[in-house]
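One structure is given below, encoded as structure tokens.
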Amino acid sequence: MRTDMDKITVIIPCYNEQEAIPIFYKEICKTAEELSGVELELLFVNDGSKDGSLKEMKDLADRDPRVKYVSFSRNFGKEAAMYAGLSYAAGDYVAIMDVDLQDPPGLLPEMYRIIKEEDYDCVATRRVTRKGEPPIRSFFARRFYGLMHRLSKTEIVDGARDYRLMTRQFVDELLRLGEYNRFSKGLFGWVGFRTRWLEYENVERSAGETKWSFWKLLIYSIEGIVGFTTAPLVMAAFLGILFCLVAFIAICFIVIRTILYGDPVSGWPSMTCIIVFLGGIQLFCMGILGEYLAKTYMETKHRPIFICKETNIDK
Ligand code: UDP
Ligand code: MG
């Protein structure tokens, strides 16, 4: 094998994907034929699947020396799987791709051409449609990106996928960000460099079903906000100042009214409402504070991001 060939590692995080893995493998082999002069490494990360995913990977690895796998001791989440993939990847270029073919492998040759010929460090993809997704999920996804855009200085692009091709330098810098609470869509933007965006229409899953419930996505989005902006803390402080101001005006009003008109005992219902309202605001702000504290607490433990149980890569 020629040594001056570029090597592309494709990282494929898999969680309970036994049906999707063979379909994916067939597709990526087709793509590999289009990528002449490139050595491909298919790095499957088994994120603690409970089905036969690992067996599928091992079968492929027996037949095809390009197939590598890293298997976790339990489910650590896609973020951890991507991080593991990045740290085991041997390629000069590294791509991340979902196994369900929602990240069309057919885009890879074009991505490789761009990163090779044009002056980019990363070629990323974004969906311009959300066809086939529950409308409520799309709605909240849009709100989230709108909010992030306003709150955070790091660029987080609407519809951005984790599907991207990166140079070795880009990957090495990503690996230096060893935080426990990972929000890759933000980390990609944070490291900077020059990114070219390719757009494509949403594709529906090839097999199996999505691993993301609405609730999981909501928690993930909070991770994103807490990880990439401290604006909510500032907002809480401003809210405090605002309420002090309102209270001050109200006190002046009541003092003056009492001097002018005396003090008839009234206003209990409104008083209760105000107390409950302010109590709510206080709990809300404490919640925000707690969220940041909790993330800090988790970071200070310095736990590993993933635990590898077995792999066919000698490191
Ligand atoms: N995935 C993973 N660990 C998880 C959840 C998902 O490795 O805990 C993988 C999954 O196998 C797939 C990719 O992440 O290859 C994207 O997941 P999914 O298709 O469920 O997400 P969606 O496309 O619906 O956003
Ligand atoms: Mg998917």
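The values are calculated or read from the model by the stated rules, or taken from the named source; none is laboratory data. Just so it is clear, the model here is predicted, and its values are computed rather than measured. No Cβ is skipped: glycine too gets one built from the backbone with ideal geometry, and neighbour counts run over all protein chains shown. These accessible areas exclude ligands, DNA and RNA; they are computed on the full protein's heavy atoms, side chains included. Shrake-Rupley method; radii C 1.70, N 1.55, O 1.52, S 1.80 Å.
Sub-6 Å Cβ pairs linking a first residue in the range 96-107 that is within 13 Å of Asn202 (Cβ to Cβ) and within 8 Å of ligand 1 (Cβ to nearest atom) to a second residue that is aliphatic (A, V, I, L, M) and modelled with pLDDT under 85, at least 6 apart or interchain, are Gln102/Val203, ordered by first then second residue. Suppose the filter is open to solvent by less than 30 Å² (accessible area, probe 1.4 Å), closer than 30 Å to Gln18 by Cβ and within 16 Å of ligand 1 (Cβ to nearest atom); does Ser184 pass it? The answer is yes for Ser184. Scan the range 83-97 for residues that are assigned to a loop (DSSP other than H, G, I, E, B) and surrounded by fewer than 21 Cβ atoms within 10 Å (Cβ to Cβ) and jot them down. Hits for the range 83-97 are Ala90, Asp92. Answer yes if at least one residue in the range 137-146 is within 16 Å of ligand 2 (Cβ to nearest atom), open to solvent by 10 Å² or more (accessible area, probe 1.4 Å) and touching a helix residue (DSSP H, G or I) at 6+ places or on another chain (Cβ under 8 Å), and no otherwise. Among the residues of the range 137-146, at least one is within 16 Å of ligand 2 (Cβ to nearest atom), open to solvent by 10 Å² or more (accessible area, probe 1.4 Å) and touching a helix residue (DSSP H, G or I) at 6+ places or on another chain (Cβ under 8 Å), which makes the answer yes.
Any idea which of Glu39, Glu110 is more than 9 Å from ligand 1 (Cβ to nearest atom) and assigned to a helix (DSSP H, G or I)?
Values: Glu39 fails: assigned to a helix (DSSP H, G or I).
Glu110 is the lone residue from the list that is more than 9 Å from ligand 1 (Cβ to nearest atom) and assigned to a helix (DSSP H, G or I).
Tally the residues that are away from ligand 2 (no atom under 13 Å from the Cβ) and surrounded by 15 or more Cβ atoms within 10 Å (Cβ to Cβ), restricting the search to the range 210-221. Number of matching residues: 2.
Between Phe277, Phe170, Phe243, which is open to solvent by less than 50 Å² (accessible area, probe 1.4 Å) and either at pLDDT below 85 or touching a helix residue (DSSP H, G or I) at 6+ places or on another chain (Cβ under 9 Å) (or both)? Give the derivation first.
Numbers: Phe277 fails: open to solvent by less than 50 Å² (accessible area, probe 1.4 Å); Phe243 fails: open to solvent by less than 50 Å² (accessible area, probe 1.4 Å).
Step by step, each of Phe277, Phe170, Phe243 is checked, and only Phe170 is open to solvent by less than 50 Å² (accessible area, probe 1.4 Å) and either at pLDDT below 85 or touching a helix residue (DSSP H, G or I) at 6+ places or on another chain (Cβ under 9 Å) (or both).
Are any residues in the range 200-209 assigned to a loop (DSSP other than H, G, I, E, B) and either free of Cβ contacts under 8 Å to residues at least 24 places away in the same chain or surrounded by 14 or more Cβ atoms within 10 Å (Cβ to Cβ) (or both), and if so, which ones? Write out each step before concluding.
Within the range 200-209, the first condition is being assigned to a loop (DSSP other than H, G, I, E, B), and the residues that meet it are 201-209.
Answer for the range 200-209, where residues must be assigned to a loop (DSSP other than H, G, I, E, B) and either free of Cβ contacts under 8 Å to residues at least 24 places away in the same chain or surrounded by 14 or more Cβ atoms within 10 Å (Cβ to Cβ) (or both): Asn202, Val203, Arg205, Ser206, Ala207, Gly208, Glu209.
Among the residues of the range 42-82, those that are surrounded by fewer than 20 Cβ atoms within 10 Å (Cβ to Cβ) and assigned to a helix (DSSP H, G or I) comprise Lys55, Lys58, Asp59, Leu60, Ala61, Asp62, Arg63.
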